[in-house]
1. Scan region 50-60 and give yes if some residue there is in contact (Cβ under 8 Å) with a residue 40 or more places away in the chain and farther than 24 Å from residue 148 by Cβ, otherwise no.
2. For region 111-129, state whether one or more residues are more than 24 Å from residue 16 (Cα to Cα), touching a Lys or Arg at 6+ places or on another chain (Cβ under 6 Å) and either in a strand (DSSP E or B) or in contact (Cβ under 8 Å) with a residue 40 or more places away in the chain (or both).
3. Among the residues of region 101-108, are any assigned to a strand (DSSP E or B) and more than 15 Å from the chain's Cα centre (by Cα)?
4. Test residue 145 against the stated conditions and say whether it is in a strand (DSSP E or B), in contact (Cβ under 8 Å) with a residue 24 or more places away in the chain, in contact with a Leu (Cβ under 7 Å, 6 or more places away or on another chain) and among the hydroxyl-bearing types (Ser, Thr, Tyr).
5. Could you tell me which residue of region 31-49 is farthest from residue 85 (Cα to Cα), considering only residues that are out of contact with any His (no Cβ under 7 Å at 6 or more places or on another chain) and crowded, with 16+ Cβ neighbours inside 10 Å?
6. Give region 130-151 a look and list any residue that's touching a Lys or Arg at 6+ places or on another chain (Cβ under 9 Å), loosely packed, with under 15 Cβ neighbours inside 10 Å and not β-branched (Val, Ile, Thr), or say none.
7. List the residue pairs whose Cβ atoms are under 8 Å apart, where the first residue sits in region 86-104 and is in contact (Cβ under 8 Å) with a residue 60 or more places away in the chain, the second is in a helix (DSSP H, G or I) and of a type in the set (Val, Ile, Thr), and the two are 6 or more positions apart or on different chains.
Amino acid sequence: MTVVIDRPRGRDELDGLVAACSAETLRQRFCGQVGALPPRYAAGVLAGPPTRHDALVARAGSAVVGLASLVAEGDDAGELGVLVADAWQRRGVGRALTTALLERARDRGLKRFGVLVLPGRTRLLASLSRQWELVEWSIGPDGTSCVYRLF
């Protein structure tokens, strides 16, 4: 099935994505136990101007199977977050969303982006490092924080 990258349209489709994710997938994305998208995050995804909170979804048919968002941190940086439904993981959805979202960010003048991942997500960090230059990283009690350069 073909995946289409688009802007999110409503809370119902975001709730459908969350329902297609296991508790572990949600824990890894939000660095804690959640049963739904945090309300402030969901509001930003749906209504935030792209300069402050940009978001894209991946659709397979009528279902949303992935979400990527970039929250601005200053004038030239943002924090990236990606959520992909369990059945769609390791099928290129996250990469397609990340690439499209970061191209938009670069076109707006962003120069770098950061991620915070829980311990053990080495495959994810390796994938990001293959596409973008790692310029800073640190390990803290919440996980690994990395900053990448957009070019």
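Read-outs: derived from the displayed coordinates by stated rules, not from any lab. If you're wondering where the values come from, they're calculated on a predicted model, not measured in any experiment. We place every Cβ from the backbone using ideal geometry, glycine too, and count neighbours over all the protein chains shown.
1. yes
2. yes
3. no
4. For residue 145, the condition - in a strand (DSSP E or B), in contact (Cβ under 8 Å) with a residue 24 or more places away in the chain, in contact with a Leu (Cβ under 7 Å, 6 or more places away or on another chain) and among the hydroxyl-bearing types (Ser, Thr, Tyr) - is met.
5. The selected residue is 48.
6. 131, 133, 134, 136, 149, 151 - these are the residues of region 130-151 that are touching a Lys or Arg at 6+ places or on another chain (Cβ under 9 Å), loosely packed, with under 15 Cβ neighbours inside 10 Å and not β-branched (Val, Ile, Thr).
7. 86/25; 89/25
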